[in-house]
Amino acid sequence: MAGAGYKCPVSLAVFKRSLSVAPRGCGGSAPRGLLPGWRLGERGLQEAARPSSAVRAASLYRHSTFSCLSCQESMSDSLRTCYLYLNQTSRSFAAVIQALDGELRHAVCIFYLVLRALDTVEDDMTIPLDKKVPMLNNFHTFLYQDEWCFTESQEKDRQVLEDFPTISLEFRNLAQEYRDVISDICQRMGVGMAEFLEKKVGSMKEWDLYCHYVAGLVGIGLSQLFSASQLEDPDVGRDTEMANSMGLFLQKTNIIRDYLEDTQVARAFWPQEAWSQFAGRLEDLAQPVKLESALSCLNLLVTDALRHVPDVIAYLSRLRNQSVFNFCAIPQVMAIATLSKCYNNPMVFQGVVKIRKGQAVTLMMEATNMRAVHTIISQHSQEILQKVSLTDPSRDRTLHILALIREKSALSQSTLPSRTHHLSPMYLSAAMLLAALSWQYLSTTAAQAQGTGNIQGQ
């Protein structure tokens, strides 16, 4: 991310464009006046969809691809274009969005693209600050300007700015309750981006605030969309504290895991209050002689992230719609598995730490009901517990939080109603995996067919 340490959840490192898109015309230049818990879900889906002996048979399911195409036949050209942009900027995660029920699917698609466009402005280091800051602050107003677009970006996902009129048109086509949510979150996130543009995260409280701006607001916005769709109870959208925790848990996991990748390009996302207890500079933690101190700092931050898990459990326990549950649960179980792998692991400072493809597939297959989620959380919490060192400075706090997670999980399991609205996990997971494979196949074939063609003619 641009600025002095900004990592947005919708600024996915795995974003890759599969098509070269020519923008539609727009009037005037950009006014002088500015990234589920999506990243972990995206990476997990991509891991699950990579070619292997288990999935090479995807060609047998090409009819699923054509089913995806046929369901788009009733869409307007502009909405179809929005789904193409979604597929280009979030190819595998697009499958999970596509799995949402009813009109919520379109609302989340547009929400994603609006935040992707906002984040692309923030990301672009070629935009001078005296231009970028007003754009960030005012970006929500562009949703109601028919012809606003920005053609000066150098970012890889610039098509969402160059063809913003298509996105804003579909935004205005949404029901008022969806528009209100998306506009409000866009405005608040833009202000937060502008605030942290030249500001490093110092205290742990600032870390929470920063993660709120870049991820908590996404969780709040999604929750409000869930309730607006009437697929979930109003309480899901009203409880902003719990929704914020969902986003913070994912974002902190991203930041923790990506220490080496970020510091190698001079980006600082770990809070200074934490790392300054163990090193003079953040990048010093990667030095072999600092390993013990580095692990202490790492464990401190993992422990801080784990304090959001009780809220995650409570939030997921409230969900009633299967498609919404899958959408929310998969990134969260990916996160707890990732934190388990990161805890007390020297590889965080030496290379890439990620869950294996087979594990990602298993998590996707299992995380379709609350009882299974409890089992996954308990399993990885136990793995962390077994790695807690007697000499770790955060030991007591880590043990306390793990005990709270066990208590919350046990209480939640004891109150689970006997209901049958959840479909077979195997059936649902197979459908989601096929959807991911289908979207990956679509992106590949579309790239071959289109090349550098203009999708506006389709």
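The values are calculated or read from the model by the stated rules, or taken from the named source; none is laboratory data. In this text the structure is predicted, and so the values were computed from the model without any measurement. Note: ideal-geometry Cβ built from the backbone for every residue, glycine included; neighbour counts use all protein chains shown. Heavy atoms of the whole protein, side chains included, go into the accessibility calculation; ligands, DNA and RNA do not. Shrake-Rupley method; radii C 1.70, N 1.55, O 1.52, S 1.80 Å.
For the reader, a short list of remarks on this structure follows.
- Ordered by solvent-accessible area of protein heavy atoms (1.4 Å probe), largest first, the residues Val218, Val361 come out as Val361, Val218.
- Flagged links, alpha-carbon separation over 28 Å, of Lys132/Lys200; Lys341/Lys408; Lys132/Lys341: Lys132/Lys341
- One Cα centroid belongs to region 300-344, the other to region 126-154; the line between them spans 34 Å.
- Note on Glu273 and Gln154: their simple-model spin labels are 3.6 nm apart, each label 7 Å out from Cα toward Cβ.
- A 1.4 Å probe, protein heavy atoms only, puts the accessible area of Glu273 near 90 Å².
- Segment Leu209..Arg238, full-extension length gain: 8.5 nm, with 0.36 nm per residue of separation and the alpha-carbon distance subtracted.
- Computed extension length for Glu292-Ser76: 72.0 nm, one decimal, from 0.36 nm per residue of separation with the Cα-Cα distance subtracted.
- A 1.4 Å probe over all protein chains sorts Lys199, Lys156 by accessible area into Lys156, Lys199, starting with the largest.
- Span from the region 100-114 Cα centroid across to the region 354-392 one, whole angstrom: 29
- Largest to smallest accessible area among Arg116, Arg307, Arg395 [probe 1.4 Å]: Arg307, Arg395, Arg116
- Projected label distance in nm at Asn173 and Arg318, using a 7 Å step from Cα toward the beta-carbon: 3.1
- Electrostatic tally near Pro271: other residues with Cβ closer than 11 Å to its Cβ, Lys and Arg +1, Asp and Glu -1, net -1.
- Take the Cβ atoms of Gln264 and Gln386, set R0 to 45 Å, and the FRET efficiency comes out at 0.90.
- In the assembled protein chains, Phe111 presents an accessible area of approximately 0 Å² (probe radius 1.4 Å).
- Rolling a 1.4 Å probe across the protein heavy atoms gives region 334-393 an accessible surface of 42 Å² per residue.
- Dipole magnitude of region 146-234, debye to nearest 20 (Cβ charges: Lys/Arg +1, Asp/Glu -1, about Cα centre): 320
- Segment Asp184-Glu103, extension gain: residue separation times 0.36 nm, minus the distance between their alpha carbons: 27.2 nm
- Counting charges near Pro234 (Lys, Arg +1; Asp, Glu -1) among other residues having Cβ under 14 Å from its Cβ returns a value of -2.
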